[in-house]
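The values are calculated or read from the model by the stated rules, or taken from the named source; none is laboratory data. Just so you know, these numbers come straight off a predicted model, no measurement behind them. Cβ coordinates were reconstructed from backbone atoms using ideal geometry, including for glycine residues, and neighbour counts include every protein chain displayed. Ligands, DNA and RNA are excluded from the accessible area calculation, which covers all protein heavy atoms including side chains. Shrake-Rupley method; radii C 1.70, N 1.55, O 1.52, S 1.80 Å.
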Amino acid sequence: MKQYILFLALCINPDFSSAKEIQNPLQPRIIGGRNATQNEFPFVVALLLDRGFRCSGSIINQYKVLTAAHCLNDTTHDRWLVKAGFYYWGDTNVIERYVGNMKMHRHFETKGDISFDIGIMDITQPFEFNAAVQPVVLPRFHRRIKPGTKAIAIGWGASQLRPTLEFPLMLQALDVVTIRNRRCRRKWNKLNRTICAVGKSDLEAACIGDSGGPMMVGNVQWGIIYHGPHNCTGWGPIKILEVSRFTKWIRHFSKIPRQKN
């Protein structure tokens, strides 16, 4: 079966940058991954800029979507469309919402340390929650994830980079494992507020179109994918924003109530 990768990025440059917790040329087959099943990840959305696919994100309440800040950088809210409630691209039951406002972390910058690569989109009409559309669960503030933790990264990222850029028809999920930052520093220098993860082999990695997508451990979103290895190969770890460092920030701008977990 043809395999796909699911991480999400902003630019054509592949060096891209119910709840218990608070809520070289590539081969033509892409790097790991599997097709998601219906309603398996009801919190994942596709983000379209000027009606063209750009990034992934996750629903955090009826009016808010979580994604990577670099997806939103140098754009205006009226250019965005959020698609939710579907797992294959031809689904006619897709839910579409326009964006009324956007918020990037005030410390986010495109040069230097991009460890604040997190943003929130406000939609103009609320999501109606059902089996296909649900909010994601977020980790408690400053709770840490251990190296060696098995996780799943999810998104609509590219299924092929060369000779032409192609995207999968179905939502993709990829098994990854978190690694120690000491190992990750061989590839990346600055790792503040960052989780590093790798696939099971060098044929599993991140690619264009997966920025903003969630990394899940169980039903909890521990990460936001924001930077992957060169040329979408598995020759380096994937950088993932550590969501637990920003739970208070997300609550503040999303009015998510504190939960006991």
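Quick notes on this one:
- Complete set of residues in the range 159-192 that are modelled with pLDDT of 75 or more, surrounded by 18 or more Cβ atoms within 10 Å (Cβ to Cβ) and either more than 15 Å from Lys239 (Cα to Cα) or not hydroxyl-bearing (Ser, Thr, Tyr) (or both): Phe167, Pro168, Met170, Leu171, Gln172, Ala173, Leu174, Val176, Cys184
- Looking only at residues of the range 69-85 that are modelled with pLDDT under 95 and assigned to a loop (DSSP other than H, G, I, E, B), we find that the one that is nearest to the chain's Cα centre (by Cα) is Asn73.
- The residues listed here are Thr92, Thr110; of these, the one that is touching a helix residue (DSSP H, G or I) at 6+ places or on another chain (Cβ under 7 Å), of a type in the set (Val, Ile, Thr) and assigned to a loop (DSSP other than H, G, I, E, B) is Thr110.
- Residues of the range 128-141 satisfying the condition of being closer than 18 Å to Gly213 by Cβ and part of a loop (DSSP other than H, G, I, E, B): Ala132, Gln134, Pro135, Val136, Leu138, Pro139
- Just so you know, in the range 142-182 the residues that are part of a loop (DSSP other than H, G, I, E, B) and β-branched (Val, Ile, Thr) include one that is nearest to Thr194 (Cα to Cα), and it is Ile145.
- When the range 43-68 is filtered for residues that are hydroxyl-bearing (Ser, Thr, Tyr), at pLDDT 95 or above and not in a loop (DSSP other than H, G, I, E, B), the ones remaining, listed by number, are Ser58, Thr67.
- Pairing residues of the range 168-181 that are farther than 15 Å from Met215 by Cβ with residues that are open to solvent by 20 Å² or more (accessible area, probe 1.4 Å) and in a strand (DSSP E or B), at Cβ distances under 6 Å and at least 6 apart in sequence or on separate chains, gives Leu169/Tyr88; Met170/Asn35; Met170/Tyr88.
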